[in-house]
Amino acid sequence: MAHKLTERALDDVIDEMIDVVENSKDEIFHISEEARKEHEQLVEELKETRKQVIQHIDNGDKLQQKVRYSRQRLAEVSKYFDRYSEVEIREVYENTHELQTKLAMLQQEEKTLRDKRDYLERRLVTLSQTIERAEGLAGKISVILTYLHDDFRQVNEMIESAKEKQEFGLKIIEAQEEERRKISREIHDGPAQMLANILLRSELVDKIFRNGDMEQAMEEIKSVRDMVRTSLYEVRRIIYDLRPMALDDLGLIPTIRKYIATLSDYSGTEVEFSLSGEERRVSQKYEIAFFRLVQESIQNALKHAEASLIQVKLEIGSDYLNMSVKDNGKGFDPSMKRDKSFGLIGMRERVEMLDGDMEIDTELGKGTRVLIRVPLS
Ligand SMILES: Nc1ncnc2c1ncn2[C@@H]1O[C@H](COP(=O)(O)OP(=O)(O)O)[C@@H](O)[C@H]1O
Ligand SMILES: [Mg+2]
């Protein structure tokens, strides 16, 4: 449950980041649009200003010509002022003055226009750079968005699956520890206790024997022998549960047969076995896996199903192995998650490791059937 929460939290964080980045992208787009508009406007203005500068230069030239002419005239009038009337002289003088003032103004205007033109040119360069930068930034942000949308989510999924694997690994370790606890308990309660008992009884036999009661001594020895036999059986059973040696020596089918025969002796449930296809050996990894798969399926049926009949079928094909374990018990709801159950999970893991498929057919009251198919490589 906890990791589901973190997964949500991570998704939320990514969503928020995407929001922020998308907003920035909009803003940058806005800035870039504004800059572009201003750029267009300034280009027009610059064109106009340049035209005006040329116009002013032109006008200035003409005016300068006039000023020069007017000055000459003034010089002439001044030189021969006795030839001209006072009105005429003043006129020439005022005309020259007026032209000179106009020219000065025109030159001043021209300078202002030149300054404006230079400023516009500089501003246009800065604007172009801004536009370029904004576009570059928008491109980078798009990359970030793609990264956030796809890659980052994949990273998220990878983290999740890694976490699940880690959790599963921890569960396996727990299950192993539990298995060890079970075995030590079994040895403690079974063979160890019996051996202690046998020791006591053998001392008793000793005493009875010394007292000369042969009859009773023989009786005791017989009971000690029974105890040794039972202990031996127990020890063998425990060893067998750990790893049936027959599996390596005789192979899968004889081991399953033997396993089922022993079970039938000790449980009230009938267990049937049938084999189709050729009885042959397959490589060890499949033999071990299938023995465990059959074992766990039968154990589940015995432990949980309250069945009266369990049918085990095996098929060794040329390039596949099939297993079906069916019981007529009470069935169960496989979607229900059980906290401390690793049997079915472990089976699925084994099957997946061998690239196979596992299917559980079950319905409450209608029994259970476990189907497994694994390709032989
Ligand atoms: N053949 C079956 N019939 C009825 N219930 C079953 C059967 N197999 C499994 N179950 C149910 O599924 C649960 C999970 O099984 P499993 O993973 O093997 O764990 P465990 O056997 O340790 O409880 C069992 O506790 C049981 O409730
Ligand atoms: Mg089980």
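The values are calculated or read from the model by the stated rules, or taken from the named source; none is laboratory data. As the structure is a computational prediction, the values presented were derived from the model and not from experiment. Cβ atoms come from the backbone with ideal geometry, glycine included; neighbour counts cover every protein chain shown. The area values use the complete protein model at the heavy-atom level, side chains included, leaving out ligands, DNA and RNA. Shrake-Rupley method; radii C 1.70, N 1.55, O 1.52, S 1.80 Å.
Those residues that are farther than 30 Å from Glu16 by Cβ and open to solvent by 70 Å² or more (accessible area, probe 1.4 Å), I need them from the stretch 149-183; list them, please.
Narrowing the stretch 149-183 to residues farther than 30 Å from Glu16 by Cβ: 168-183.
Within the stretch 149-183, Leu170, Lys171, Ile172, Ile173, Glu174, Gln176, Glu177, Glu178, Glu179, Arg180, Arg181, Lys182 qualify.
Restricting attention to the stretch 260-285, and to residues there that are of a type in the set (A, V, I, L, M, F, W, C) and touching a residue at least 24 places away in the same chain (Cβ under 8 Å), which single residue is surrounded by the most Cβ atoms within 10 Å (Cβ to Cβ)? Even if it seems obvious, please write down each step before you answer.
So in the stretch 260-285, the residues of a type in the set (A, V, I, L, M, F, W, C) come out as 260-261, 263, 271, 273, 275, 282.
Pick out the ones that are also touching a residue at least 24 places away in the same chain (Cβ under 8 Å) and you get 260, 263, 271, 273, 275, 282.
Details: Ile260: 18, Leu263: 17, Val271: 21, Phe273: 18, Leu275: 15, Val282: 15.
In this case the residue turns out to be Val271.
Could you grab the pairs with beta carbons closer than 8 Å, sequence gap of 6+ or different chains, first residue in the stretch 288-300 and farther than 14 Å from Glu349 by Cα and free of Cβ contacts under 8 Å to residues at least 40 places away in the same chain, second one within 15 Å of ligand 2 (Cβ to nearest atom) and open to solvent by less than 10 Å² (accessible area, probe 1.4 Å)?
Partner pairs satisfying both residue conditions: Val294/Val325; Ile298/Ile310; Ile298/Val325.
Among the residues of the stretch 286-313 satisfying the criterion of being open to solvent by less than 50 Å² (accessible area, probe 1.4 Å) and in a strand (DSSP E or B), which is farthest from ligand 2 (Cβ to nearest atom)?
Filtering the stretch 286-313 for residues that are open to solvent by less than 50 Å² (accessible area, probe 1.4 Å) and in a strand (DSSP E or B), the one farthest from ligand 2 (Cβ to nearest atom) comes out as Leu309.
Say whether the condition of being open to solvent by less than 80 Å² (accessible area, probe 1.4 Å), touching a residue at least 24 places away in the same chain (Cβ under 8 Å) and either among the aliphatic types (A, V, I, L, M) or within 30 Å of Gly277 (Cβ to Cβ) (or both) is met by at least one residue in the stretch 210-227. Walk me through it before giving the result.
Within the stretch 210-227, the first condition is being open to solvent by less than 80 Å² (accessible area, probe 1.4 Å), and the residues that meet it are 212-213, 217, 220-221, 223-224, 226-227.
From the residues that got through so far, the ones that are touching a residue at least 24 places away in the same chain (Cβ under 8 Å) too are 224, 227.
Applying the additional criterion that residues be either among the aliphatic types (A, V, I, L, M) or within 30 Å of Gly277 (Cβ to Cβ) (or both) yields 224, 227.
Yes, because at least one residue in the stretch 210-227 is open to solvent by less than 80 Å² (accessible area, probe 1.4 Å), touching a residue at least 24 places away in the same chain (Cβ under 8 Å) and either among the aliphatic types (A, V, I, L, M) or within 30 Å of Gly277 (Cβ to Cβ) (or both).
Can Ser318 be described as open to solvent by 50 Å² or more (accessible area, probe 1.4 Å), in contact with an Asp or Glu (Cβ under 7 Å, 6 or more places away or on another chain) and more than 11 Å from ligand 1 (Cβ to nearest atom)?
It is false that Ser318 is open to solvent by 50 Å² or more (accessible area, probe 1.4 Å), in contact with an Asp or Glu (Cβ under 7 Å, 6 or more places away or on another chain) and more than 11 Å from ligand 1 (Cβ to nearest atom).
Consider the stretch 324-372. How many of its residues are under 18 Å from Glu164 (Cβ atoms), more than 8 Å from ligand 1 (Cβ to nearest atom) and of a type in the set (A, V, I, L, M)?
So the answer is 2.
Here are some residues: Met158, Met105. Which one is among the aliphatic types (A, V, I, L, M) and within 40 Å of the chain's Cα centre (by Cα)? First the steps, then the outcome.
Values: Met105 fails: within 40 Å of the chain's Cα centre (by Cα).
Matching residue, one of Met158, Met105: Met158.
Answer yes or no as to whether Lys337 is open to solvent by 90 Å² or more (accessible area, probe 1.4 Å) and over 32 Å from the mean Cα position of the chain (by Cα). Lay out the reasoning, then the answer.
Details: open to solvent by 90 Å² or more (accessible area, probe 1.4 Å): yes; over 32 Å from the mean Cα position of the chain (by Cα): no.
No, not satisfied.
Table: residues versus (1) within 16 Å of ligand 1 (Cβ to nearest atom); (2) out of contact with any Gly (no Cβ under 7 Å at 6 or more places or on another chain).
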residue: Met214; (1), (2): no, yes
residue: Ser223; (1), (2): no, yes
residue: Arg229; (1), (2): no, yes
residue: Arg237; (1), (2): no, yes
residue: Gly251; (1), (2): no, yes
residue: Ser283; (1), (2): no, yes
residue: Gln295; (1), (2): yes, yes
residue: Glu306; (1), (2): yes, no
residue: Leu309; (1), (2): yes, yes
